[in-house]
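Comments concern the structure below.
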Amino acid sequence: AGVQTNNDSRDIAVSEVNKKIQTIIDSLKASGITSADIKTQNLNIYQQQETYYEDGRQKTRAGQWNINNTIEIKLRAADRAGQLADLLTKSGASNIYGPSFTLDDTSEAETGLLDKALTDAKKKAEVIARASGKKLGAIISISESTPSVPIFSYGGRGAGGGGGVPTEPGTGTIQKSVFVTYELR
């Protein structure tokens, strides 16, 4: 969530954004979200350039200041996502992105998936070895692909958000891939 403003004065624009973002942060904390779950994500301060023509030539001059500040909020109760969106709009957020549903810890699921992936790799390697008239030997190498990131779909329908803006966490998958090289005998 974030706030954005434009003003001829940089100092006034920065002050406005600071006040608005602080109001949002205070509202988040009052709703039970901890400081550890609120993180400044992006702060932009830039002066726009205006294009104009003088004596048939295109020129630019300094324009208004554009200031925006975006924070990332971790909500640990998916059923409150709609309420959070409602709180953000009422607190003055001019930009809201998300929600993005993820799991905090996938390590246990990933460990189980690696075990299953190795078992599956061995079964497939045995089929290939038999088909080629060989037998499966020792493992030469094992590598794991890059860690998977659980992706959860977001749909704007339904009342899964528990009030406010309707949200639905949907479902997700966790994937693991291993590459195993066996010796053939």
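Some notes on this structure:
- Accessible carbon and sulfur surface of the chain relative to its total accessible area, %, 1.4 Å: 50 percent
- Accessible area per residue for the chain is 66 Å², calculated with a 1.4 Å probe on protein heavy atoms, without ligands, DNA or RNA.
- Taking every protein chain into account, the 1.4 Å probe leaves LEU136 with about 30 Å² of accessible area, to the nearest ten.
- Most to least accessible of TYR53, TYR182 (protein chains only, probe 1.4 Å): TYR53, TYR182
- Taking all protein chains as they are arranged and a probe of 1.4 Å, the heavy atoms of ASP105 leave approximately 110 Å² accessible to solvent.
- Between the entries (1) 12; (2) 48; (3) 27, the label attached to percent of Cα pairs over 31 Å apart calculated for this structure is (2).
- Distance violations [Cα-Cα > 18 Å] among LYS122/LYS176; LYS39/LYS90; LYS116/LYS176: LYS39/LYS90
- Inter-part distance where the stretch 54-84 and the stretch 1-53 are each reduced to a Cα centre, Å: 8 Å
- Anchor LYS74: aspartates and glutamates whose Cα lies under 20 Å away (excluding residues fewer than 8 positions away in-chain): ASP26, ASP37, ASP86, ASP104, ASP105, GLU168
- Relative contact order, percent, the chain [alpha-carbon distance under 8 Å, six or more residues apart]: 23 percent
- Computed over protein heavy atoms with a 1.4 angstrom probe, the accessible surface ordering of LYS176, LYS135, LYS124, LYS20, largest first, is LYS135, LYS124, LYS20, LYS176.
The values are calculated or read from the model by the stated rules, or taken from the named source; none is laboratory data. This is a predicted model, so every value here is computed, not measured. Note: accessible area is taken over every heavy atom of the protein model, side chains too, but ligands, DNA and RNA are not part of it. Shrake-Rupley method; radii C 1.70, N 1.55, O 1.52, S 1.80 Å.
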